[in-house]
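Take a look at the structure set out below.
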Amino acid sequence: MRPSDAAGTMLTIDLGAIASNYRTLNDQLGGVRCAAAVKANAYGVGVAQVAPVLAAAGCNDFFVATQDEALALRSLLPEPTITVLNGADPGREAECLDHDLRPALNDLGQIERWATLARERGRLDAVLHLDTGMCRLGLPAYEVERLATEPERLDGLNLILIMSHLACADDAGHPMNQQQRMTFDRLRQMLPSAPASLANSSGIYLGPEFHYDLARPGVALYGGNPTPDKPNPMAEVIRLQSKIVQVRDVDSPQTVGYGAAHRVAGPARIATVPVGYADGYRRSLSGRAFAAIGGARVPVVGRVSMDLISLDVSTLRPEQTRPGTTVDLIGGPCPLDEISALGETIGYELLTSLGQRYERCYIDGVS
Ligand SMILES: *Cc1c(COP(=O)(O)O)cnc(C)c1O
């Protein structure tokens, strides 16, 4: 079904564009293995649809945040490696093994529990996550030093990946990038040698010295710009479109929406569109974002409500703004990253907030 045939709001997701983005990142990596981050339901886009497309495009390595996400992904894809970034839930280590999931080992306790399982079940593959500057997940330098002086902590474990995560990769000139890379190299030297992984989407564009043996892009697969200071090299994946439900001709001064936050001084036409913050159209977009009708930008005026927004369509002719007219909200003439910035957020958050109330239409647009 095409958006113009649908009753209400339509989220179109281009799976062909995701496959194309995977190939673009692969080209950029010049032979280095490319994994995919599919946590949070593939950044809100739909892991059940996305993961098989990535696997068909040649992706053999997937990263998720939680063990439950990993179990769901394993039921979709029997073959590829699946790494649980948050690590195994305490007491559920054996379940990881039984479903061939790799918990990232983020601290000495997680290492201890995985090594205990290895003593019961035989040698186990292990992914070590080092903290090189996020102060979030991963072993900090003092724990790596402890591992180096007490190597028996890794007995029974095959180190198959040592990874870390960049804090500022989207800012190519930020000194943290080189600092983290050097810290990563210094810490890795204290450990048995193993394949390494540092780059997320933006990290891939920092240059080959950030590529190591495996890259872990997420947002770029879904169309987010990994190089925010340059044109977006990725194909667009999502497009959110709705339809005008009502049009109000205003002839005397009036206010629009909650809090009377927008004042119309003179004659104007206000169109109401049935998408609100309950659909992931964030309230911070109030009075700041724009939508597009027939490619022409129109401002979002007043506050975003739970289920509705208001557009000032005074610049368009009445016949261009009848009820039922299609309105672009995100994607196409309203680029994801541009709309996100207007709402003082990032594409990641708009994607993962995409609502469940509208129809989702998966297409294969780019091949
Ligand atoms: C989410 C995540 C990624 C992917 O990051 P993007 O910026 O979306 O490319 C990679 N590695 C880790 C550890 C992550 O948490």
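The values are calculated or read from the model by the stated rules, or taken from the named source; none is laboratory data. Given the structure is predicted, the values throughout are model-derived calculations rather than measurements. Note that we place each Cβ from the backbone using ideal geometry, even for glycine, and neighbour counts take in every protein chain shown.
A few notes on this one:
- Among residues of segment 231-256, those that are assigned to a loop (DSSP other than H, G, I, E, B), modelled with pLDDT of 95 or more, more than 27 Å from residue 163 (Cα to Cα) and of a type outside the set (Asp, Glu), counted: 5
- Number of residues in segment 149-176 that are within 16 Å of the ligand (Cβ to nearest atom) and more than 12 Å from residue 105 (Cα to Cα) equals 10.
- Restricted to segment 208-230, and to residues there that are within 11 Å of the ligand (Cβ to nearest atom) and outside any loop (DSSP other than H, G, I, E, B), the residue that is farthest from residue 160 (Cα to Cα) is 222.
- On inspection, residue 118 fails the criterion of being of a type in the set (A, V, I, L, M, F, W, C) and either under 21 Å from the mean Cα position of the chain (by Cα) or surrounded by fewer than 16 Cβ atoms within 10 Å (Cβ to Cβ) (or both).
- Any hit, segment 172-184, residues being without any contact (Cβ under 8 Å) to a residue 40 or more places away in the chain and either closer than 26 Å to residue 122 by Cα or not assigned by TED's automatic domain parsing to the domain that holds residue 31 (or both): no
- Of the residues in segment 177-197, at least one is within 12 Å of the ligand (Cβ to nearest atom) and closer than 17 Å to residue 63 by Cα.
- Residue in segment 137-148 that is within 13 Å of the ligand (Cβ to nearest atom), more than 16 Å from residue 108 (Cα to Cα) and touching a Ser or Thr at 6+ places or on another chain (Cβ under 7 Å) present: no
- Considering each residue of segment 240-248 in turn, at least one proves to be surrounded by fewer than 17 Cβ atoms within 10 Å (Cβ to Cβ), without any contact (Cβ under 8 Å) to a residue 40 or more places away in the chain, away from the ligand (no atom under 16 Å from the Cβ) and in the same structural domain as residue 269 (by TED's automatic domain parsing).
- Residue in segment 269-281 that is within 22 Å of residue 360 (Cβ to Cβ), out of contact with any Ser or Thr (no Cβ under 8 Å at 6 or more places or on another chain) and either touching a residue at least 40 places away in the same chain (Cβ under 8 Å) or hydrophobic (A, V, I, L, M, F, W, C) (or both) present: yes
- Within the option set 355, 302, 343, 287, being of a type in the set (Gly, Ala, Ser), crowded, with 16+ Cβ neighbours inside 10 Å and under 22 Å from residue 18 (Cα atoms) holds for one residue only, 355.
- The lone exception for residue 75 - which of (1) of a type in the set (Ser, Thr, Tyr); (2) free of Cβ contacts under 8 Å to residues at least 60 places away in the same chain; (3) under 23 Å from residue 136 (Cβ atoms) it fails: (3)
- Segment 351-367: number of residues that are touching a residue at least 60 places away in the same chain (Cβ under 8 Å) and in contact with an Asp or Glu (Cβ under 9 Å, 6 or more places away or on another chain): 10
Yes/no matrix, rows are residues, columns are (1) closer than 21 Å to residue 188 by Cα; (2) of a type in the set (A, V, I, L, M, F, W, C); (3) touching a strand residue (DSSP E or B) at 6+ places or on another chain (Cβ under 6 Å); (4) surrounded by 22 or more Cβ atoms within 10 Å (Cβ to Cβ):
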site	(1), (2), (3), (4)
94	no, yes, no, no
102	yes, no, yes, yes
109	yes, no, no, no
153	yes, no, no, no
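- Failed item, numbered, when residue 132 is tested on (1) among the hydroxyl-bearing types (Ser, Thr, Tyr); (2) assigned to a helix (DSSP H, G or I); (3) within 13 Å of the ligand (Cβ to nearest atom): (2)
- Taking segment 190-220 as the range and being within 25 Å of residue 14 (Cα to Cα) and out of contact with any strand residue (DSSP E or B) (no Cβ under 6 Å at 6 or more places or on another chain) as the test, the residues that pass are 200, 201, 202, 203, 205, 217, 219, 220.
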